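**Q** If you scroll down you'll find the structure; I have some questions about it.
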Amino acid sequence: MQLADFDFLLPDELIAQAPATRRDASRLLCLDRQLATVESRQFADILEYFQSGDVLVVNDTRVIPARLLGHKPTGGKVEIFLVRPFSGETQSEEWLCLTKSSKSLRVGTIVDFSPDFSAEVLEEVESPYRRVRFHCSGDFMHKVEDVGHLPLPPYIKREESQDDHSRYQTVFARKKGAVAAPTAGLHFTEQILQQLTAAGVEILSLTLHVGLGTFLPVRVDDISQHKMHSELYSIPETTANGVNSARKEGRRVFALGTTSARALETAATDGDLLLAGSGDSEIFIYPGYRFKIVDALITNFHLPKSTLLMLVSAFAGRDYILSAYQQAVEERFRFFSYGDCMLIL
C-alpha cells in the first residue's frame, strides 16, 4: 500500500489545543465491525459497550518532563530533549537525546541546567541524536522533574500550562519514561474505572514508554519499506496470565490505545498467547496484519499518513476507518492528543 492511501483532509481548527473541561466530557465515535456501523456518542457512554468478563489492558507509563533548558559555559541557550535511556532504566544517567542550540553541540560540550545539574555530550549517534551523560547530586529523575518541561506534541501550538501537568497524564500513570502520553487513556476517570470493575471488567496493566518516534512522519511511499521506531515495553506475569485466560475462555480483550495494542501484539506468540517480559517494541502494524491478542480497540483520532492511522486501518479496514474519519470531520470531532475518542468493536 502507498502512503497516499492514508491521507485525509483535516481542518486545522479541529486539532485540539487543550483538553476537554473534564476527562470524560469528550465525545466517542463507536465502530462495530460486524454491523459496519458508526455511531456518535459521549465518552461516558463507553460503559455500555463492555460486558462482564471483558479485559481492559491499560498502559501505565508516565510522561516525564523531557525538555531540559540550559546554557553552555559561553552563555548560549541549549535545549536537550530526553528520548530514551541507554540502559533501559529511567534512572540511567546516559540518554539518547535531541539537542537544539544556535550552533551544533560538539562532543565534550557541557550544558548547565542548575548549580548541581549538568550534562555532557559524549558522542554523536545516528543523526540527529546525541549520547548525553548527566551529572547531578541526588536522584537523577528527581532533578528532571524539578527543572524539566512537559513535552507537548508539536501540533499543540502553545506553551505548557499548569493544567497540562495533570491532564497530559492518565489517572493510572505510574512508571516514568514516556515522552508522549498514551492519549486514549486521558479520557478515563477513577470513577469510570471503578464502574468497569463493578461491572465485572478485569483491568490489567502493561508499560510501553511512548517515544518521540510516534510523531515522526513516514518518509517512504511504499509503506512496507518503513522502519518503525523502537519503544521499551514490559508486560507483567499477572497481565499475561489474565489475558491468556480471557482468550482461552472466549472473553474479549480491549486494548486501551495503540500503545497497549502494540505492546500486546509485540509479545504475542504465533500460537496467539501473550508472553510476560520486557524488551523493545519495533512492530509496524499496517493493513494485512493479523491481530493475535486484541479484540477491541479504544483510540484517539490520528494524523494523516501516520503509522497510528495505519494500525487502526489494519484493525478495522482502511475504507471503513477513513469513512469514519470523514464522519468525524463533518461532525466536528476534536482530533489528536487532547481530542475525542474512538471505540472499535
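The values are calculated or read from the model by the stated rules, or taken from the named source; none is laboratory data. Note that the structure is predicted; figures quoted are calculated from it, not measured. Here the Cβ positions follow ideal geometry from the backbone for every residue, glycine too, while neighbour counts run over all protein chains shown.
**Q** What is the one condition in (1) farther than 24 Å from ILE156 by Cβ; (2) surrounded by fewer than 19 Cβ atoms within 10 Å (Cβ to Cβ); (3) not acidic (Asp, Glu) that ARG332 does not satisfy?
**A** That leaves (1) as the condition not met.
**Q** All but one of (1) more than 23 Å from the chain's Cα centre (by Cα); (2) within 30 Å of ALA198 (Cα to Cα) hold for VAL78, so report the exception by its number.
**A** Every listed condition holds for VAL78 apart from (2).
**Q** Only one of these is more than 26 Å from SER337 (Cα to Cα) and either in contact with a Pro (Cβ under 6 Å, 6 or more places away or on another chain) or not β-branched (Val, Ile, Thr) (or both): ASP270, ASP295. Name it. Give the steps one after another, and end with the answer.
**A** Numbers: ASP295 fails: more than 26 Å from SER337 (Cα to Cα).
It is ASP270.
**Q** Can you list residue pairs whose Cβ atoms sit under 6 Å apart, with the first residue in the range 248-270 being modelled with pLDDT under 95 and the second being among the hydrophobic types (A, V, I, L, M, F, W, C)? Count only pairs 6 or more apart in sequence or on different chains.
**A** none
**Q** Restricting attention to the range 1-28, report how many residues are out of contact with any Leu (no Cβ under 8 Å at 6 or more places or on another chain), assigned to a helix (DSSP H, G or I) and in contact (Cβ under 8 Å) with a residue 24 or more places away in the chain.
**A** Matching residues across the range 1-28 total 5.
**Q** Assuming ASN244 fulfils every condition listed in (1) out of contact with any helix residue (DSSP H, G or I) (no Cβ under 9 Å at 6 or more places or on another chain); (2) in a strand (DSSP E or B); (3) of a type in the set (S, T, N, Q) apart from one, which condition is it?
**A** For ASN244, the exception is condition (2).
**Q** Consider PHE43 carefully, then state whether it is over 28 Å from GLN326 (Cβ atoms), aromatic (Phe, Trp, Tyr) and either surrounded by 15 or more Cβ atoms within 10 Å (Cβ to Cβ) or not assigned by TED's automatic domain parsing to the domain that holds PHE284 (or both). Please lay out each step first, then the result.
**A** Details: over 28 Å from GLN326 (Cβ atoms): no; aromatic (Phe, Trp, Tyr): yes; either surrounded by 15 or more Cβ atoms within 10 Å (Cβ to Cβ) or not assigned by TED's automatic domain parsing to the domain that holds PHE284 (or both): yes.
Spelling it out, it is not the case that PHE43 is over 28 Å from GLN326 (Cβ atoms), aromatic (Phe, Trp, Tyr) and either surrounded by 15 or more Cβ atoms within 10 Å (Cβ to Cβ) or not assigned by TED's automatic domain parsing to the domain that holds PHE284 (or both).
**Q** Does ILE192 qualify as being more than 17 Å from VAL312 (Cβ to Cβ), modelled with pLDDT of 95 or more, part of a strand (DSSP E or B) and touching a helix residue (DSSP H, G or I) at 6+ places or on another chain (Cβ under 8 Å)? Please lay out each step first, then the result.
**A** On the way: more than 17 Å from VAL312 (Cβ to Cβ): yes; modelled with pLDDT of 95 or more: yes; part of a strand (DSSP E or B): no; touching a helix residue (DSSP H, G or I) at 6+ places or on another chain (Cβ under 8 Å): yes.
Criteria not met by ILE192.
**Q** List the residue pairs whose Cβ atoms are under 7 Å apart, where the first residue sits in the range 36-54 and is among the acidic types (Asp, Glu), the second is in a strand (DSSP E or B) and surrounded by 14 or more Cβ atoms within 10 Å (Cβ to Cβ), and the two are 6 or more positions apart or on different chains.
**A** Correct list of pairs: GLU39/CYS30; ASP45/LEU28; ASP54/PHE254.
**Q** Could you check how many residues of the range 64-90 are surrounded by fewer than 20 Cβ atoms within 10 Å (Cβ to Cβ) and assigned to a loop (DSSP other than H, G, I, E, B)?
**A** Count: 11.
**Q** I've got another one for you. For THR61, which of the numbered conditions (1) buried (at least 20 other Cβ atoms within 10 Å of the Cβ); (2) of a type outside the set (A, V, I, L, M); (3) farther than 30 Å from GLY288 by Cβ fails to hold?
**A** Looking at each condition in turn, THR61 falls short on (3).
**Q** Still on this model: Among the residues of the range 265-277, is there at least one that is β-branched (Val, Ile, Thr) and touching an Asp or Glu at 6+ places or on another chain (Cβ under 6 Å)? Show your work before the answer.
**A** At the first step, the residues of the range 265-277 found to be β-branched (Val, Ile, Thr) are 266, 269.
Still in the list and also touching an Asp or Glu at 6+ places or on another chain (Cβ under 6 Å): none.
Looking for residues that are β-branched (Val, Ile, Thr) and touching an Asp or Glu at 6+ places or on another chain (Cβ under 6 Å), one finds none in the range 265-277, hence no.
**Q** Of the residues that sit in the range 273-289 and are hydroxyl-bearing (Ser, Thr, Tyr) and within 22 Å of LEU343 (Cα to Cα), which one is surrounded by the fewest Cβ atoms within 10 Å (Cβ to Cβ)?
**A** As a first pass, look at the range 273-289 and keep what is hydroxyl-bearing (Ser, Thr, Tyr): 278, 281, 286, 289.
Keeping just the survivors that are within 22 Å of LEU343 (Cα to Cα) gives 286, 289.
Working: TYR286: 20, TYR289: 15.
The selected residue is TYR289.
**Q** Could you pull out the residue among THR214, THR170 that is modelled with pLDDT under 95, hydroxyl-bearing (Ser, Thr, Tyr) and either closer than 19 Å to HIS302 by Cα or surrounded by 20 or more Cβ atoms within 10 Å (Cβ to Cβ) (or both)?
**A** Numbers: THR170 fails: modelled with pLDDT under 95.
Testing whether each residue is modelled with pLDDT under 95, hydroxyl-bearing (Ser, Thr, Tyr) and either closer than 19 Å to HIS302 by Cα or surrounded by 20 or more Cβ atoms within 10 Å (Cβ to Cβ) (or both) leaves just THR214.
**Q** So, one more: Kindly provide the set of residues from the range 258-282 that are farther than 18 Å from ASN300 by Cα, hydroxyl-bearing (Ser, Thr, Tyr) and assigned to a helix (DSSP H, G or I), ordered by number.
**A** Of everything in the range 258-282, just one residue is farther than 18 Å from ASN300 by Cα, hydroxyl-bearing (Ser, Thr, Tyr) and assigned to a helix (DSSP H, G or I), namely THR266.
**Q** Of (1) hydrophobic (A, V, I, L, M, F, W, C); (2) more than 21 Å from LEU47 (Cβ to Cβ); (3) surrounded by fewer than 19 Cβ atoms within 10 Å (Cβ to Cβ), LEU232 satisfies all except one. Which?
**A** (3)
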